[in-house]
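Below is one structure, written out as structure tokens; comments come after it.
The values are calculated or read from the model by the stated rules, or taken from the named source; none is laboratory data. Computed from a predicted structure; not experimentally measured. A quick note on method: Cβ atoms are made from the backbone with ideal geometry, for glycine too, and the neighbour counts reach across all protein chains shown.
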Amino acid sequence: MAEAPQGSEPKEVSREEARKMIDEGAQLVDVRADHEWEAGHIPGAGHLPLEQLAGRSDELDAARPVVLYCRGGTRSSMAVEALAGAGFDAVKLSGGIVGWDEAGLELDSEDSYVAESGEAAARLQARKMDSQA
């Protein structure tokens, strides 16, 4: 996939298109923060937080398409732009994990949920986990 022209939106795919791409060998990558990943993620996804993408993009197979997702789309848009600029065939999942969950599609376990993003949410989740330990 060629780099998107300046000012254009990153390529976006529906849940159905994403599933087809994954079935055909695409990589599924969650670019959310650690606490969001730990709360729940799409089965089969790898975890590569957005802020680590530049230093860890070599963990991805440049010969295979990449489907990226975050909570709603902002971080995955940034990730698509960065990877496309590096020569990857990268797309984002329309609606992110929120749309996935709202459509009733499965998360990694029965106890999984879609966590809020942000530092405050991470702190609240850490406190909750500490109180359960």
Worksheet item: Which residue, of Val114, Val91, is assigned to a strand (DSSP E or B) and either surrounded by 12 or more Cβ atoms within 10 Å (Cβ to Cβ) or at pLDDT 95 or above (or both)?
Response: Val91
Response to the item:
Residue hits (segment 28-41; outside any strand (DSSP E or B) and either more than 15 Å from Lys92 (Cβ to Cβ) or of a type outside the set (Val, Ile, Thr) (or both)) are Arg32, Ala33, Asp34, His35, Glu36, Trp37, Glu38, Ala39, Gly40, His41
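With the structure loaded, tell me whether Ala26 is touching a residue at least 40 places away in the same chain (Cβ under 8 Å), of a type in the set (A, V, I, L, M) and more than 20 Å from Asp101 (Cα to Cα) or whether it fails that test.
Numbers: touching a residue at least 40 places away in the same chain (Cβ under 8 Å): yes; of a type in the set (A, V, I, L, M): yes; more than 20 Å from Asp101 (Cα to Cα): yes.
So Ala26 fits the description; yes.
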Practice prompt. Specify which of the listed residues (Arg64, Arg75, Arg32, Arg15) is surrounded by fewer than 22 Cβ atoms within 10 Å (Cβ to Cβ) and closer than 24 Å to Glu116 by Cα.
Written response: Arg15
Practice prompt. Could you grab the pairs with beta carbons closer than 9 Å, sequence gap of 6+ or different chains, first residue in segment 94-109 and within 13 Å of Ala45 (Cα to Cα), second one among the polar types (S, T, N, Q) and in a loop (DSSP other than H, G, I, E, B)?
Written response: Glu106/Ser112
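Can you tell which of Gly25, Gly55, Gly44 is in a helix (DSSP H, G or I), of a type in the set (Gly, Ala, Ser) and surrounded by fewer than 15 Cβ atoms within 10 Å (Cβ to Cβ)?
Numbers: Gly25 fails: in a helix (DSSP H, G or I); Gly44 fails: in a helix (DSSP H, G or I).
Being in a helix (DSSP H, G or I), of a type in the set (Gly, Ala, Ser) and surrounded by fewer than 15 Cβ atoms within 10 Å (Cβ to Cβ) holds for just one of Gly25, Gly55, Gly44, which is Gly55.
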